[in-house]
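The values are calculated or read from the model by the stated rules, or taken from the named source; none is laboratory data. What you see is a predicted model, and the numbers here were worked out from it, not measured in a lab. All Cβ positions, even for glycine, are placed from backbone atoms using ideal geometry, and neighbour counts span all protein chains on display. The area values use the complete protein model at the heavy-atom level, side chains included, leaving out ligands, DNA and RNA. Shrake-Rupley method; radii C 1.70, N 1.55, O 1.52, S 1.80 Å.
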Amino acid sequence: MALFDLPLDELREYRSASTEPEDFDGFWSKTLQEAREHDLDARFEPVDTGLTEVRVYDVTFAGFGGHPVKGWLTLPAGAGEPLPLVVEFIGYGGGRGLPHQHLLWAASGRAHFVMDTRGQGSAWGAGGDTPDPVGGAPAYPGFMTRGIDAPENYYYRRVFTDAVRAVEAARSHPLTDAARTVAVGGSQGGGIAIAVGGLVPDLAGIAPDVPFLCDYPRAATLTDRHPYREIGLYLKTHRGRTEGILRTLSYFDGVHFASRGTAPALFSAALEDQTCPPSTVFAAFNAWAHDDKAIEVYDFNDHEGGGPFQEAAKLRWVASRI
């Protein structure tokens, strides 16, 4: 697919038309307060992986509703004092997989925590281990419309809450340095990282790649590629509900979390990306509130974005922050 979205000079000025709910802050404050009424109960069980240069822990902590959420914590084998911490979130449909799939950040001398995404882990990779015990109203197959009837019921309310608690769980380990914490992720993981960046006030940085879950009003009408297309297919059946659905989604729009960002940020976008169109990525980037921000742009790439080149860019960027 050739370039299909706005020209780059217009992307750099683009602003989303997504309407922020008046009670956005109150909604999230109440959500996180309710989650913190449950003991975090972070447990770190050593795992024999056969890897000699890292130590791996199978992690369980209490997320939304006190539900158990899984993760991996990977540390350099010789770690004896608190290390800078990278917390990573996974792309749509994937799970935490197996420990040997997550070695980049520990190899750079940092602690690395990867969160399993509740209810996901069956579309690619090596699987997930965290169920989503919450039901919901009728939804189009996938995750984008689960509980979309009301903000309180929406699937990503649970996921974003899990993500904030994941940061808290990772920081609770004695060999992680809470003051040097960066959140990263690609696609859905990038969208989750942006939400965390708006909800956790003391991060050292965030690095979302080709982020999903941003600028819903434009995304749902610009691309016919999944997962955003799930919204349109839901509304194809549930006629006349567009306004109410967009209201629900506005509580989970990366654009509104970005306007609350208090940490340096490194974004990336791909100009041929039909899954997360570049204008939706720039909508979040342009709204990011912290002055120290940059975006890597990959002209002729689709949703793979910069791939290993962006990994190298993140390694350099993270090294300058933590």
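Which of the residues belonging to the range 43-57 are among the hydrophobic types (A, V, I, L, M, F, W, C), closer than 18 Å to ARG110 by Cα and either surrounded by fewer than 19 Cβ atoms within 10 Å (Cβ to Cβ) or without any contact (Cβ under 8 Å) to a residue 60 or more places away in the chain (or both)? Step through it out loud before you land on a result.
Pass one, the range 43-57, residues among the hydrophobic types (A, V, I, L, M, F, W, C): 44, 47, 51, 54, 56.
Those still in the list that are closer than 18 Å to ARG110 by Cα too: 44, 51, 54, 56.
Of everything in the range 43-57, those that are among the hydrophobic types (A, V, I, L, M, F, W, C), closer than 18 Å to ARG110 by Cα and either surrounded by fewer than 19 Cβ atoms within 10 Å (Cβ to Cβ) or without any contact (Cβ under 8 Å) to a residue 60 or more places away in the chain (or both) turn out to be LEU51, VAL54, VAL56.
Residues checked against (1) open to solvent by 10 Å² or more (accessible area, probe 1.4 Å); (2) in a loop (DSSP other than H, G, I, E, B):
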site: ARG146; (1), (2): yes, yes
site: GLU152; (1), (2): yes, no
site: ARG157; (1), (2): yes, no
site: ALA163; (1), (2): no, no
site: GLU168; (1), (2): yes, no
(request) List the number of the failed condition for ALA289; all other conditions in (1) within 26 Å of PRO21 (Cβ to Cβ); (2) in a loop (DSSP other than H, G, I, E, B); (3) in contact (Cβ under 8 Å) with a residue 60 or more places away in the chain; (4) among the hydrophobic types (A, V, I, L, M, F, W, C) hold. (result) (3)
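Condition check ((1) open to solvent by 20 Å² or more (accessible area, probe 1.4 Å); (2) in contact with a helix residue (DSSP H, G or I) (Cβ under 9 Å, 6 or more places away or on another chain); (3) not β-branched (Val, Ile, Thr)) across all residues:
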residue: THR262; (1), (2), (3): yes, yes, no
residue: PHE267; (1), (2), (3): no, yes, yes
residue: ASP273; (1), (2), (3): no, yes, yes
residue: CYS276; (1), (2), (3): no, yes, yes
residue: VAL281; (1), (2), (3): no, yes, no
residue: TRP288; (1), (2), (3): no, yes, yes
residue: ASP292; (1), (2), (3): yes, no, yes
residue: VAL297; (1), (2), (3): yes, yes, no
residue: PHE300; (1), (2), (3): yes, no, yes
(request) Output yes when any residue across the range 177-197 is modelled with pLDDT of 95 or more, hydroxyl-bearing (Ser, Thr, Tyr) and within 30 Å of LEU73 (Cβ to Cβ), and no when none is. (result) yes
(request) May I ask you to verify whether PHE113 is touching a strand residue (DSSP E or B) at 6+ places or on another chain (Cβ under 8 Å) and either open to solvent by less than 20 Å² (accessible area, probe 1.4 Å) or more than 26 Å from ALA179 (Cβ to Cβ) (or both)? (result) yes
(message) Looking at GLY80 and the list (1) open to solvent by 40 Å² or more (accessible area, probe 1.4 Å); (2) within 23 Å of GLY191 (Cβ to Cβ); (3) not polar (S, T, N, Q), which single condition is not satisfied?
(response) (2)
(request) Could you give me the residue pairs with C-beta distances under 6 Å whose first residue belongs to the range 304-322 and is more than 20 Å from PHE212 (Cα to Cα), whose second residue is open to solvent by 80 Å² or more (accessible area, probe 1.4 Å) wherever it lies, and which are 6+ apart or on separate chains? (result) ILE322/ARG180
(request) State which residue is farthest from GLY197 (Cα to Cα) when the search covers only the range 238-258 and only residues that are open to solvent by less than 10 Å² (accessible area, probe 1.4 Å) and not in a helix (DSSP H, G or I). (result) TYR251
